[in-house]
1. Here are the criteria: (1) hydrophobic (A, V, I, L, M, F, W, C); (2) without any contact (Cβ under 8 Å) to a residue 12 or more places away in the chain; (3) within 24 Å of Leu167 (Cβ to Cβ). Tell me which single one Ala67 does not satisfy.
2. Could you please let me know if Leu49 is part of a loop (DSSP other than H, G, I, E, B), farther than 16 Å from Arg151 by Cβ, among the hydrophobic types (A, V, I, L, M, F, W, C) and open to solvent by less than 60 Å² (accessible area, probe 1.4 Å)?
3. Sort out which residues of the stretch 172-204 are over 23 Å from Gln100 (Cβ atoms) and open to solvent by 70 Å² or more (accessible area, probe 1.4 Å), and write them in order of number.
4. Please note which strands (runs of 3 or more DSSP E) are completely contained in the stretch 63-171 and include at least 1 residues that are buried (at least 19 other Cβ atoms within 10 Å of the Cβ).
5. Name every residue in the stretch 151-198 that is modelled with pLDDT of 90 or more, of a type outside the set (S, T, N, Q) and in contact with an Asp or Glu (Cβ under 9 Å, 6 or more places away or on another chain), in order of residue number.
6. Report, ordered by the first and then the second residue, all pairs with beta carbons closer than 7 Å, sequence separation of six or more or different chains, a first member in the stretch 33-50 that is farther than 15 Å from Ile74 by Cα, and a second member that is of a type in the set (Ser, Thr, Tyr).
7. Arg108 - would you say it is under 13 Å from the mean Cα position of the chain (by Cα) and either under 30 Å from Leu7 (Cα atoms) or free of Cβ contacts under 8 Å to residues at least 24 places away in the same chain (or both)?
8. Taking Ile57, is it under 19 Å from Leu123 (Cα atoms), in contact with a helix residue (DSSP H, G or I) (Cβ under 6 Å, 6 or more places away or on another chain) and crowded, with 16+ Cβ neighbours inside 10 Å?
Amino acid sequence: AQFEHQLAELKNAARIFLIEEEELCRNGIKPKFLEASIAWPPTGSPTVLDSHDPVKISFSSGSTIRAGGRLDRIDLLGDESSHSFCVWDYKTGSTYRYTQKDPCWEGRIIQHALYWHLAATSLKKKVSKKAEVAYFGYFFPGVGTKGMRLRRWRKHVEQGSRIIETLCKIVASGCFIATTKHDVDCKYCDYTLICCDTAAVSAL
């Protein structure tokens, strides 16, 4: 019975995915790159964006980091003469973490900023110097989320970039700050033994 239930959910999710994708493509958005792997082992068909080397991300202060990841999908906005792209990341779970009033949820959600930089740098280097990322989107094709799409714009990326830079500075200084919400962040953490009493530590 459990198998049949999960199979039905998978089929419904696939149906939602196809319906949403058809609607998206009607608006002049064309899938261009799938599973682009940057400093990650490639999977499936290779793309021109694939690279063994990480991307260097520069911040306003002049500091830099090197990062990589696997970009689920990059779409072209407009016809083949366009230099505008959008980046999508597929999510199978709940939208809860991504629908907070603060798009970065106090530093917990920074993927949109990181992947924006990965895509923008890779597109400029491998596709066109004029290439620009218009927005980043989270796509939830699951049954419960019904194909919800959440877009993140440049202002959200700038906010996320400042958070990434701050987090990197904190770690580089040798400090590992505890969370302020142990009931949210410590639930699935593999290192709670280090903190022992997570409630007491987060209250400090």
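1. (2)
2. yes
3. Ala172, Ser173, Phe176, Asp190, Tyr191, Leu193, Ile194, Cys196, Asp197, Leu204
4. Working: elements: 64-67, 69-77, 84-90, 132-140, 148-152.
Ranges flagged: 69-77, 84-90, 132-140, 148-152.
5. Within the stretch 151-198, Ile163 is the sole residue that qualifies.
6. Ala39/Ser51; Thr43/Ser37
7. Judged against the criteria, Arg108 is not a match.
8. Answer is yes for this residue.
The values are calculated or read from the model by the stated rules, or taken from the named source; none is laboratory data. All values reported here derive from a predicted model rather than from experimental measurement. With ideal geometry, Cβ positions are generated from the backbone for all residues, glycine too; neighbour counts draw on all protein chains shown. All accessible areas refer to the heavy atoms of the entire protein, side chains included, with ligands and DNA or RNA removed. Shrake-Rupley method; radii C 1.70, N 1.55, O 1.52, S 1.80 Å.
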